[in-house]
1. Out of the range 145-157, which residues are in a loop (DSSP other than H, G, I, E, B) and in contact with a strand residue (DSSP E or B) (Cβ under 6 Å, 6 or more places away or on another chain)?
2. Does residue 269 satisfy the criteria of being over 30 Å from residue 160 (Cα atoms) and assigned to a helix (DSSP H, G or I)?
3. Restricting to the range 275-305, what's the tally of residues that are assigned to a helix (DSSP H, G or I) and either more than 25 Å from the chain's Cα centre (by Cα) or under 25 Å from residue 226 (Cβ atoms) (or both)?
4. Go through the range 298-310 and report how many residues are surrounded by 15 or more Cβ atoms within 10 Å (Cβ to Cβ) and under 16 Å from residue 110 (Cα atoms).
5. Being at pLDDT 95 or above and either under 27 Å from the mean Cα position of the chain (by Cα) or crowded, with 18+ Cβ neighbours inside 10 Å (or both) is the filter here; which residues of the range 165-179 pass it?
6. Any residue at all in the range 282-292 that is within 16 Å of residue 178 (Cα to Cα) and either touching a helix residue (DSSP H, G or I) at 6+ places or on another chain (Cβ under 8 Å) or in contact (Cβ under 8 Å) with a residue 24 or more places away in the chain (or both)?
7. Among (1) part of a helix (DSSP H, G or I); (2) more than 16 Å from residue 231 (Cα to Cα), which single condition is residue 191 missing?
8. State whether one or more residues within the range 226-249 are in a loop (DSSP other than H, G, I, E, B) and either out of contact with any helix residue (DSSP H, G or I) (no Cβ under 7 Å at 6 or more places or on another chain) or without any contact (Cβ under 8 Å) to a residue 12 or more places away in the chain (or both).
């Protein structure tokens, strides 16, 4: 073999090795996608435990090609109100956001007080609202993978609260800003804060109570609360969001598997909390919490007074919100 031939052969080997290394690097990249997952929940509850199983199922379905590092609410410098922004900026690749209304205002429609009054109505309203949400998140560079929702948000307090009239003068932590108008009807003040901030605020008297479900904040803060007035104010949904760029980098089959696992898991999260709600409420009563039900006239009075608030909310957010509200009201006969 001549020296020229040897040189060409060595050049071929170098090129071949470089090509193989390039392929191996690409394979390694595909095989080792690691996402940061951030949830607004500061401590594990029934919803989080089911979501944790979902993440494990995604990893299994992807044959280990997508793995997750989980961060509980408050463990990163990301406030509850900024989870959607953190996902959009790729600070975290996957987010569980129950406070997304600030980023996607139209998402507050389904949470308007007394607009949706049952699980069945929530499902019907979601059929109308979900396309609006998908498009709104897409504009933020975020993929809406799915959502789940809590049982009805009701009233809780450290002070006497056996009817909505007892709200006067109380400071109540909101689940969503839309609930503030309900509280104003009774002379109460709504305060917005992240889930991780609620317990210290109750202990220090910064707030008197909360709006939440038994299977939501109720189980977290039951030892700090004395009264539970079960006026069904609204249902609150949480969304599972992925950074669009990170999601598009996944192989198409992995994307499909992620969507499939999420589509199966999140309805189970909703059902888990729905199953827990009644049992937890009974347990709280047995442990000494004072629990009362609203009188029919109390509910009908609020229902009559709340309609102008829906309409004002929609007008403030523009023609799209007005259109969406009209469709939801028609679907619900409201």
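The values are calculated or read from the model by the stated rules, or taken from the named source; none is laboratory data. Everything quoted here is computed from the prediction, not taken from an experiment. Please note: Cβ atoms are built from the backbone with ideal geometry, for glycine as well, and neighbour counts cover all protein chains shown.
1. Looking only at the range 145-157, we keep the residues that are in a loop (DSSP other than H, G, I, E, B), and these are 150-152.
Once the filter is applied, which keeps residues that are in a loop (DSSP other than H, G, I, E, B) and in contact with a strand residue (DSSP E or B) (Cβ under 6 Å, 6 or more places away or on another chain), the range 145-157 yields only 152.
2. Values: over 30 Å from residue 160 (Cα atoms): yes; assigned to a helix (DSSP H, G or I): yes.
So residue 269 passes the test.
3. Filtering the range 275-305 down to residues assigned to a helix (DSSP H, G or I) leaves 275-286, 296-305.
Subset that is either more than 25 Å from the chain's Cα centre (by Cα) or under 25 Å from residue 226 (Cβ atoms) (or both): 276-286, 296-305.
Of the residues in the range 275-305, 21 are assigned to a helix (DSSP H, G or I) and either more than 25 Å from the chain's Cα centre (by Cα) or under 25 Å from residue 226 (Cβ atoms) (or both).
4. The initial filter retains those residues of the range 298-310 that are surrounded by 15 or more Cβ atoms within 10 Å (Cβ to Cβ), namely 298-299, 302, 306, 309-310.
Filter once more, so that each one left must be under 16 Å from residue 110 (Cα atoms): 306, 309-310.
Here the count works out to 3.
5. Hits for the range 165-179 are 166, 167, 170, 171, 172, 173.
6. To start, the set of residues in the range 282-292 that are within 16 Å of residue 178 (Cα to Cα) comprises none.
Within the range 282-292, none of the residues are within 16 Å of residue 178 (Cα to Cα) and either touching a helix residue (DSSP H, G or I) at 6+ places or on another chain (Cβ under 8 Å) or in contact (Cβ under 8 Å) with a residue 24 or more places away in the chain (or both).
7. Every listed condition holds for residue 191 apart from (1).
8. Applying the first criterion (in a loop (DSSP other than H, G, I, E, B)) to the range 226-249 yields 226, 235-236.
So of that shortlist, the ones also either out of contact with any helix residue (DSSP H, G or I) (no Cβ under 7 Å at 6 or more places or on another chain) or without any contact (Cβ under 8 Å) to a residue 12 or more places away in the chain (or both) come out as 226.
Yes, the conditions are met somewhere in the range 226-249.
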